[in-house]
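So the structure is just underneath, and the comments pick up after that.
The values are calculated or read from the model by the stated rules, or taken from the named source; none is laboratory data. From a predicted model like this one, the values you see are computed outputs, not experimental measurements. Cβ: placed from backbone, ideal geometry, glycine included. Neighbour counts: every protein chain shown.
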Amino acid sequence: MLVISVCCAEYAEPPTELTVYNQNFGVVKEIRDIDLAEGLNTVMIQDVAKLIDPTSVSIKDLTGNMQVLEQNYLYDLISKQKIYEKYIGKEIEIDKNGEIVTGTLLSFSGNELILQNSDGVHFVNAGQLSLPELPEGLITKPTLKWLLDTDEGGTHQIQLSYMTSGLNWVADYVAVVNEDDSHVDLTCWVTITNTSGASYKNARLKLIAGDVHRVEERPIQEYEMVEESKAGAPQFQEESFFEYHLYTLQRPTDIVDNQQKQVTLFEAHNVSVTKEYVFDSGFVYYYRESSGTTKIKVMLAVENTEENNMGIPLPKGKVRVYKKDSEGQLQFIGEDLIDHTPKNEKIRIYVGDAFDLIGEKKQTEYDKISDRVVEISYEVSLRNHKNEDVVIAVIQRIWGDWKIVETSHDWEKEDAWTAVWYVKVRKNGEVTITYRIRIEW
């Protein structure tokens, strides 16, 4: 039976195809050439990911008729502790201050060894430890081992594929707002993190965006950052894939172990945005509540449409927003997270709280009509200290079976739990709205 060890195999084109999911795992697909003899062969392949899922490994003969009889994953990597474990009950030699001490290793803790010989039991420091040979069964790298049977000797081209954790990608957006806050230039970066324990040279990179069901997910770590950026045509080609979206990098790249790489996913220029002011007054229940002042949120709303120079599936990620100051320097003005967003949908980015806008809500009346019916009256004061008029959306979420029985301003029912008033407040002015809610339960 021929035993073959493949450390750095010769790759056919493409050398590696790497599909990375945004849930901290990936699929590695490689094509390798191995020499097989007719009959049984033991093949050992190193330089695979340390975090490989051995139950996901697949090997396929692309050129001949090969049968896989056994498959093993060897991960008992060599270390000082592993060597000590293998030598318990065996004779070793230690140089103790120039004196050679020989004995049977009984136990160890850190660098302290317990030896036994004809002179008794000795507690010694490992010091200069001398071993006759490296114990069997220890390896320097994670290794895949197969028992293969083939009726055709020679060079076989095999396709090796497996899943591994420690591969992840996230989308990061940079939005630059223009002077009057009406348009933005948007750049999306993808950050690929590789902590899988292997490097993938000259790889064809694919990214899957979507929520794929997994039984287990491991935490993400962050390492050294490497950036790749090319102006001009998009670097990734996007396509629908099952219920997800697939992005394929149109050139090979290196995904090195213990490294982060950033690559531009797309750029969109002169995208129209709408600045919205939102006073979220919280939930109304059937009991009395205290009054108070609430911050007014500043949102940027974007229509993800082709007419708005976008219209592409947006992977979930963090959006950082910048704007130039009077000297032309970019200043950070806020950030938010967005979820996976299909084309032709609206995204809202919460960038911060308005400095010059104030919202104050008061509960003015509470009437208990019966054991299960109440009517509650509210007053909301909106004060605008800016030098321009604004429209503020007042959002009221309401529990139970409700209706608005009185109101000073027009309102809209956004959903079964939400009423919204869009109130125009003049510059340096104030508007007060009142409303009365009837709640049954």
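Out of segment 336-368, which residues are out of contact with any Gly (no Cβ under 7 Å at 6 or more places or on another chain), touching a residue at least 12 places away in the same chain (Cβ under 8 Å) and farther than 24 Å from Y277 by Cα?
P342, T364, E365, Y366
What residue, among those in segment 289-316 that are among the small types (G, A, S) and modelled with pLDDT under 95, is nearest to R383 (Cα to Cα)? Explain how you work it out, then say what you get.
Applying the first criterion (among the small types (G, A, S)) to segment 289-316 yields 290-292, 301, 311.
Retained after the next criterion (residues that are modelled with pLDDT under 95): 290-292, 311.
Working: S290: 20, S291: 16, G292: 14, G311: 37 Å.
Result: G292.
What residue, among those in segment 147-175 that are under 28 Å from the mean Cα position of the chain (by Cα) and among the β-branched types (V, I, T), is nearest to V27 (Cα to Cα)?
T164
Restricting attention to segment 292-345, which residues are closer than 18 Å to N270 by Cβ and assigned to a strand (DSSP E or B)?
The answer is L300, A301, V302, E303, L314, V319, V321, Y322, K323, K324, L330.
Can you confirm whether L18 is touching a Phe, Trp or Tyr at 6+ places or on another chain (Cβ under 7 Å), surrounded by 17 or more Cβ atoms within 10 Å (Cβ to Cβ) and either modelled with pLDDT under 90 or on the phi < 0 side of the Ramachandran plot (or both)?
Values: touching a Phe, Trp or Tyr at 6+ places or on another chain (Cβ under 7 Å): yes; surrounded by 17 or more Cβ atoms within 10 Å (Cβ to Cβ): yes; either modelled with pLDDT under 90 or on the phi < 0 side of the Ramachandran plot (or both): yes.
Yes; evaluated as a whole, the condition is true for this residue.
Answer yes or no: is there a residue in segment 73-89 that is polar (S, T, N, Q) and surrounded by 12 or more Cβ atoms within 10 Å (Cβ to Cβ).
Within segment 73-89, none of the residues are polar (S, T, N, Q) and surrounded by 12 or more Cβ atoms within 10 Å (Cβ to Cβ).
Looking at segment 360-394 only, could you name the residues that are among the basic types (K, R), over 19 Å from V431 (Cβ atoms) and part of a strand (DSSP E or B)?
Residues of segment 360-394 that are among the basic types (K, R), as a first pass: 361-362, 368, 372, 383, 386.
If we keep only those that are over 19 Å from V431 (Cβ atoms) too, we end up with 368, 372.
Residue satisfying the conditions is K368 alone.
Per-residue answers, yes or no, for (1) outside any strand (DSSP E or B); (2) at pLDDT 90 or above:
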{"position": "A175", "(1), (2)": "no, yes"}
{"position": "D185", "(1), (2)": "no, yes"}
{"position": "R214", "(1), (2)": "yes, no"}
{"position": "E222", "(1), (2)": "yes, no"}
{"position": "M225", "(1), (2)": "no, no"}
{"position": "Q237", "(1), (2)": "no, no"}
{"position": "Y247", "(1), (2)": "no, no"}
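Enumerate the pairs (first residue in segment 104-122 and of a type in the set (D, E); second residue anywhere and in a loop (DSSP other than H, G, I, E, B)) with beta-carbon separation below 8 Å, excluding pairs fewer than 6 apart on the same chain, so at least 6 apart or on different chains.
E112/A126
Of everything in segment 279-311, what is crowded, with 19+ Cβ neighbours inside 10 Å and β-branched (V, I, T)? Give them in sequence order.
Selection gives V284, I296, V298, V302.
Output the strands (runs of 3 or more DSSP E) that fall wholly within segment 40-101 and possess 1 or more residues being at pLDDT below 80, or say none.
Output list reads 66-74, 91-96.
If you go through segment 24-38 one residue at a time, how many are part of a strand (DSSP E or B) and in contact with a Leu (Cβ under 8 Å, 6 or more places away or on another chain)?
Here the count works out to 9.
Sort out which residues of segment 146-171 are over 30 Å from N194 (Cβ atoms) and not in a strand (DSSP E or B), and write them in order of number.
Correct list: D151, E152, G153.
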